[in-house]
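Read through the structure below, which is laid out as structure tokens, and then see the notes.
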Amino acid sequence: MSELTIQEKLIQKETLSVPVFGYNLIREDLLTDLLGKDTPEHLYWAGKRLARKYPLQTIDEIVAFFHKAGWGTLSIKSESKHEMLYVLESEVITERLKANPTSTFHLESGFLAQQTQLQKGVLSEAFEHPGKKGGKVQFTVKWDLKDKIES
């Protein structure tokens, strides 16, 4: 029987409730103050770094991670040979967008890009779609099967 890593133990813990105000305080105010005008780019790369720290084997694991991280309910809207369209929704997203309609979701986007890259073994990138409505955000993750990652 193998021993769980710290990351695996954290993921397995039950979720605790966090007030939306506290979440928004850190996500929208503090990080923006610290990172300045480059906040979206930094968050995208931070999302990629988190994905490398918490590598997941399947899309179902990604969906579960989003739920446990409090990022929302992630679902696949469509999938093709070279891209996948995800939808992310939650009450927290609805409240974030009410408080700040220009909120970005680059952390989640970077996470999706890197998880796809790890799972498919090809370079991947993700894009957040503008026009977030009804507490939903859409992401397109694209990859090219010719752009293999060398191990």
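So what is the relative contact order for the chain, in percent, with contacts set as C-alpha pairs under 8 Å and at least six apart?
24
Over 31 Å between Cα atoms, which of Lys68/Lys146; Lys37/Lys136; Lys37/Lys132; Lys37/Lys148; Lys68/Lys142; Lys37/Lys98 qualify?
The pairs that break the limit, which is 31 Å between Cα atoms, are Lys68/Lys146; Lys37/Lys148.
Have a look at Gln57, Gln138, Gln117 and tell me which one the Gaussian network model of the chain (Cα, springs below 10 Å) gives the largest fluctuation.
Comparing Gln57, Gln138, Gln117 in the GNM, the peak value goes to Gln57.
About its Cα centre, what dipole magnitude does the chain give when the only charges are +1 on Lys and Arg Cβ and -1 on Asp and Glu Cβ, stated in debye to the nearest 20?
160
Charges on Cβ only, +1 for Lys and Arg, -1 for Asp and Glu, centred on the Cα centroid of the chain; of Leu34, Pro101, Gln138, which one is farthest towards the dipole's positive end?
Farthest towards the positive pole: Gln138.
For Asp29, tell me the accessible area in Å² from a 1.4 Å probe, rounded to the nearest 10.
My reading of the accessible area for Asp29 is about 80 Å².
Show me, for the stretch 105-120, the HN-Hα J-couplings you get by feeding each phi into the Karplus relation (A = 6.51, B = -1.76, C = 1.60, θ = phi - 60°), rounded to Hz, glycine and proline as x.
The phi angles translate into 10, 6, 4, 5, 4, x, 4, 5, 4, 6, 4, 5, 4, 5, 6, 9 Hz.
Return the calculated 222 nm mean residue ellipticity for the chain, to the nearest 500 deg cm²/dmol, obtained by summing -39500 (n - 2.57) across DSSP H runs with n ≥ 4 and dividing by the residue count.
Only helices count here, giving -13000 deg cm²/dmol.
Quick check on the stretch 63-151: take the gyration tensor over C-alpha atoms, sort the square-rooted eigenvalues as a ≥ b ≥ c, and tell me if it's rounded (a/c under 1.5), prolate or oblate. Display every interim value, and only then the final one.
Values: a/c = 2.32, a/b = 2.02, b/c = 1.14.
Prolate, since a/c reaches 1.5 and a/b exceeds b/c.
Would you work out which of Gln117, Val20, Ser80 lies farthest towards the positive end of the dipole of the chain, given +1 charges on the beta-carbon of Lys and Arg and -1 on that of Asp and Glu, about the Cα centre?
Ser80
Quick check for you: with a 1.4 Å probe and neighbouring chains kept, what is the accessible area per residue of the stretch 93-142, in Å²?
That works out to 43 Å² per residue.
Keeping the other protein chains in place, figure out the carbon and sulfur percent of the accessible area of the stretch 73-151, with a 1.4 Å probe.
Within the stretch 73-151, the accessible surface is 50 percent carbon and sulfur.
The values are calculated or read from the model by the stated rules, or taken from the named source; none is laboratory data. What you see is a predicted model; the values in this text were computed from it and never measured. Don't worry about glycine lacking a Cβ; one is built from the backbone with ideal geometry, like all the others, and counts go over all protein chains shown. In case anyone asks, the SASA skips ligands and DNA or RNA and just uses the protein heavy atoms, side chains included. Shrake-Rupley method; radii C 1.70, N 1.55, O 1.52, S 1.80 Å.
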